[in-house]
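Take a look at the structure set out below.
Bear in mind these aren't lab numbers, they're just calculated from the coordinates by the rules spelled out. Quick caveat: nothing in here was measured; it's all calculated off a predicted structure. Reconstructed Cβ throughout: ideal geometry from the backbone, glycine too, with neighbour counts over all protein chains shown.
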Amino acid sequence: MQHILPTHSFDRGRVRDRLRNLVLFALFICLAFSALAQKQITGKVIDAASGDVLAGATVQIKAANQGATTDAEGRYRLSIPADLASPVLIFSFIGYQPLEVAVGNRSVVDVRLSNATNALNEVVVVGYGVQNRRDITTAIGSVRARDIANQPVVSFDNALAARIAGVQVTQTSGAPGAALQVRVRGTGSISAGLDPLYVIDGVPLARDTKFATGSTNTQFPDNPINVLSTINTDDIESIEVLKDASAAAIYGSRGSNGVVLLTTKRGKEGKTTINYDTYAGVQNVSKKLDLLNAYQYATLNAEAKNNAYIDRNPTGKITDPNDVRQRGVGAPSTLIPPQVVPYLSGQSGLTNTDWQDEIFRSAPIQNHTLSISGGNTNVRYFVSGNYLDQRGTVINSGYKRYGARANLDIKSGRLTVGFNLNPSYSYHDLIKAEGPYLADGIIGLAVQMAPIWPVYNPDGTYNFDANGWGYGATSILNPVAIAREVKDKLGQLRLLGNAYAQYDIAAGLSYRLSLGGDINNFQRDYYRPSTVEIRDRKGPSIPTGFSRTQNAINWLMEHTLNYNRSFGKHNVSTLLGFSAQKDRRTATELTATNFPNDLVQTLNAGQVSAGGSDIQEWSLLSYLGRVQYDYAGKYLLSGAIRADASSRFGAANRWGYFPSISAGWNISQESFLKNASWVNDLKIRASYGLTGNFQIPNYGSVSLLNYQNYILGSDVLVSGLAPGNSANDRLKWETTAMFDVGFDANFFRNQLTLTVDYYNANTSNLLLNVPVPRASGFSTELQNIGKVNNQGLEVTLGTQQTFGRFRWNASANIATNQNKVKALGPSGDPIIVSGGVAGAQFITRIGEPIGQYWTMQLDGVFRNQAAVDAYPHTSTTKPGDFKFVDINKDGKIDFSSDRTVTGSYFPKYTFGFNTNLSYADFDLGATIQGTQGNKILNLIRRYIYNSEGNGNQFRGALDRWQSDTNPGSGLVNRANRLATGSNGEISTWHIEDGSFVRIRTLTLGYTLPKALLQRLRLNRARLYVTTQNPFTFTKYSGYNPEVSARPDNALSPGEDYGTYPIARTTSIGLNLSF
């Protein structure tokens, strides 16, 4: 053997190197053949209407787990496996219709995606996921970034107005940074919260934050701030509103009032893109009240004094001087003030102050946003910075915001991690604008202040002559002095965000961990200096200071498991999740007085006179699940359930269960309609689900201890503790069961879209304070005992038309909602509450809407004595006084038994219209909003339309009754400082039609042509002019037909007791993309 096989030393290292080289060579050959076998596809994705590139669009290979994302220029590249026969690419982008394209023999596939606004193919965000609208079986409204872009509004909820059927956005106050009222499908509670749940990038926000400012007036609390205003609208990608219970059931005990899902922008794969968006403009009040001038006021004032004098001294004459009147009657209200005498003689050049002009101003507004975004297959980023400054149209009011955002996504193999961070600092210049004169409400003071008074004295100090004027006049403070001299500052530091990690366990199976938080710090400092007088007290006042600090921490932890799989034509998507959330807030406030002077305005310079601190917490533990199934895209079925355990619920009802089910049928996919030319998509759907209202008191189920004083022994006063309320361990959430049926359709090559929904929602277990036996030690106990029903119809009609270079799209929506109380406590007694004054009553009773006006009804004025004698009246009624209707027909006027329902704040229907026209590089857009059938209790008329001459009046007072032969309009009562006939009683005189049609926005824009953009090295540049609230058509005499003094109180809505007017804003803007 040795001769046949020569002996050699065995070199293992050399053999290993040769084997390695051989393997590498084989792998290279395989990869080369594999690369040759795969087909390389490139292309570009653009907007079908505008031709703009779509960066971040998804390109997916059908039936394969491969895909790509377009870069900043809308381009993509991917490889198609050789073993895939007849490959098809699926192109999709949020807000556009997905498109399937067969590749064939092409290597370049360019596509145009069509706008999917209101179309069945739109990709939308749902709770804990996303879905194609074609597959959705619930009622969800959507708004895209382009729909709310470039509007001069502070918060995104304002931009939602008129956009979604069944979502009523009401701007009750025009104050910068003030909260708005948002109602989804009516009012479903009497005493619990009414706001929808807001979820920002997966983090549910706490409602309590908007009340963090406290109040400087307990009788007329300050309006809450808008906690959503810290979110920059330029950072928003999409907004979805879950309207029906089946869609909102995934949020369980917090879904009864609807759920608003907000998704912010994220980075796209491709080169870095820099965007700069800015606008600047000027704001003016959209309306002024039509009031008397100084000469008209003086005439009415004298007439009111004369009538009061003659009523009490029938033998007197209106020419009697004050000394005669003093001897004959002795009432100061019958004396003619010497300050009005020169006006009565027509002397020219006298003071004629328009107090509205003195408190209103042209106010600037500006907004700047700079964002940078981009990424690659592994890292995507979006970073932005924002500055907003809105000065208020009422002097010394304003709002500033400094904000930033950082959204980051990192992918490594099967693991994807990321975060969303939104730090912001907001600064409010607060003023007490709302409320009547007696609450130092600046608006109420300005409209009631007599125009005979100047703002300043000759020496430049503020004029306070109307305070303690005498002659039976009510003391009115100088509104300009209060607005300018009272300091009221609020700062809010906020960090909102979340971080996540997602791991793809297997094909279609993924696990996600999400950690979220919302941290808020509020600091409010208030100081009322000695230079501002106190009502009915002349001279310098005792300064008062107030300081409040609140810290709030809300954290969230969620684990979810998602599984998506297709088995032939069967498609299944499942979700399992666990969620834990906790909110803790601490507040401290102090009040000080007796400051020696106004030089040092911090509380340490005064004497602390009151104070307190507060700590509150709530927590929520949840399990959730959802299963979605469809067969060939035709037959759709979805079911979800959430179980919530909350610290707010009683021990006997700690857990709540909220299931839902929905189904849909894409009829257009059936053979008998699939080839129909007139219908492109047609889907019918139905759903049913249970949701809860989590917005109940934190400690409503337990008995809280209150401080109480008692006598120990014979005369020793001792402080102690005693239960302040009755415990109820059965207390639980209010529950809404809602049925919804509707259909979605596209007709005539998607040129016409139609969505219709009918819903019926029954809310039970309403929280009411129910009388209990006195032997319990309490008079009432909070119990779940009431019921209310809301049902309505929603219709949305849209169209998209293209005629060469002319493009037009429009959407119109209309919604009705009927609110009806079904049960109220064991006895069913109605609930009657008072508003701003005792006589302004509201009634809630079974079979009727919540919070209707419950007042006297008028039938004009008595024209003469014969008319007085012929109809029931009060003992002091005279010709020219109001004629109250004898409702119960008992032959007498009684201000308790003759009250009746005189209207409701709820409209019969709401509507919206949005349109956009474009030709070549020009575009024109408009948004119109309206309500019909709602009433408003204009309580400010109690002072400025009473014909008493006490303060200034509406110009309509010129049509007042003056004599039998000069009855005026027959509607306005006679002038009388000492009113007879109970003319001041709240009645239909104070209730007005609140219906309105408002043009919310008009926008004209111009986009620079592509040739010029290339020379300027820009991706996009657009100039535009926008007018916000240019026109409002309404019969309402007040500032704003959307007013409601207590927007969070369902029992007494729709009262105007002095409100901050909304602004008409004209702005110029610029959008740049590099």
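One table, with the values for the structure above:
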quantity	calculated
Ellipticity estimate at 222 nm from DSSP helix runs (n ≥ 4, -39,500 (n - 2.57)) divided over the chain, nearest 500	-2500 deg cm²/dmol
Selection of chymotrypsin sites (Phe, Trp or Tyr not before Pro), the stretch 700-758, meeting DSSP coil and at most 12 other Cβ within 10 Å	PHE748
Assigned charges on the beta-carbon of Lys, Arg, Asp, Glu; the chain dipole about Cα centre (debye)	3080
Nitroxide proxy distance, nm - points 7 Å out along Cα→Cβ at ALA645 and LYS1035	5.7
Violating pairs (Cα-Cα greater than 24 angstrom) within the set LYS288/LYS1035; LYS62/LYS243; LYS889/LYS1035; LYS271/LYS411	LYS62/LYS243; LYS889/LYS1035
Label selected from (1) 51, 38, 26; (2) 62, 32, 30; (3) 71, 32, 26, the criterion being semi-axes √(5λ) of the Cα gyration tensor in Å as computed here	(2)
Sorted by Cβ neighbour density within 10 Å, fewest at the top, the residues MET557, MET856, MET738	MET557, MET856, MET738
Cross-link partners of LYS892 among lysines (Cα-Cα below 24 Å; sequence separation of 8 or more within a chain)	LYS878, LYS883
Mean Cα-pair separation over length for the stretch 38-113, i.e. relative contact order, pairs under 8 Å, 6 or more apart, %	37
Rg ratio (alpha-carbon, reference 2.2 N^0.38 Å) - the stretch 543-673	1.94
Mean separation of Cα contacts under 8 Å (6+ apart) over length of the stretch 994-1074, as relative contact order %	37
ALA610 versus ALA810: modelled label distance in nm, points set 7 Å from Cα along the beta carbon direction	5.6
Added length on full extension, which subtracts the Cα-Cα distance from 0.36 nm per residue, ARG537 to ASN760	74.6 nm
In nm, spacing of pseudo-spin labels at THR915 and ASP110 (7 Å Cα→C-beta vector)	3.3
On Cα atoms only, tilt of 294-312 relative to the major axis of the chain in degrees	50
Percent of beta bridges antiparallel (DSSP, the chain, rounded to nearest 5)	95
Of ASN420, GLY330, GLY214, farthest towards positive along the dipole that unit charges on Lys, Arg, Asp, Glu beta carbons give the chain	ASN420
Using a Förster distance of 56 Å, the FRET efficiency for ALA870-LEU673 (Cβ separation, nearest 0.05)	0.20
Ranked HIS368, HIS428, HIS873, criterion: other C-beta atoms within 10 Å, fewest first	HIS368, HIS873, HIS428
The stretch 38-113 - charge dipole about Cα centre, Lys and Arg +1 at Cβ, Asp and Glu -1, debye rounded to 20	180
Degrees separating the helix 12-37 axis from the principal Cα axis of the chain, which is the longest one	60
Where trypsin sites (Lys or Arg not before Pro) fall in DSSP loop in the stretch 405-495, at most 15 other Cβ within 10 Å	ARG414
DSSP-loop GluC sites (Glu not before Pro) across the stretch 581-673, with at most 13 other Cβ within 10 angstrom	GLU670
Percent RCO, i.e. relative contact order, over the stretch 126-214, from Cα pairs under 8 Å lying at least 6 residues apart	16
Neighbourhood net charge (13 Å Cβ-Cβ; Lys/Arg +1, Asp/Glu -1) for TYR456	-3
Charge-dipole axis of the stretch 503-645 as Lys and Arg at +1 and Asp and Glu at -1 on Cβ define it, positive-most pick from SER510, ASN594, TYR629	TYR629
Gain on full stretching of the segment that runs from TYR402 to SER969 - 0.36 nm per residue minus C-alpha separation	198.7 nm
Stretch gain in nm, segment ASN888-PHE748, where the contour uses 0.36 nm per residue and the Cα spacing is subtracted	44.5 nm
Residues LYS935, LYS634, sorted so that the one with the fewest Cβ neighbours within 10 Å comes first	LYS634, LYS935
Order by protection proxy (mean Cβ within 10 Å, highest first), peptides 286-292, 160-166	160-166, 286-292
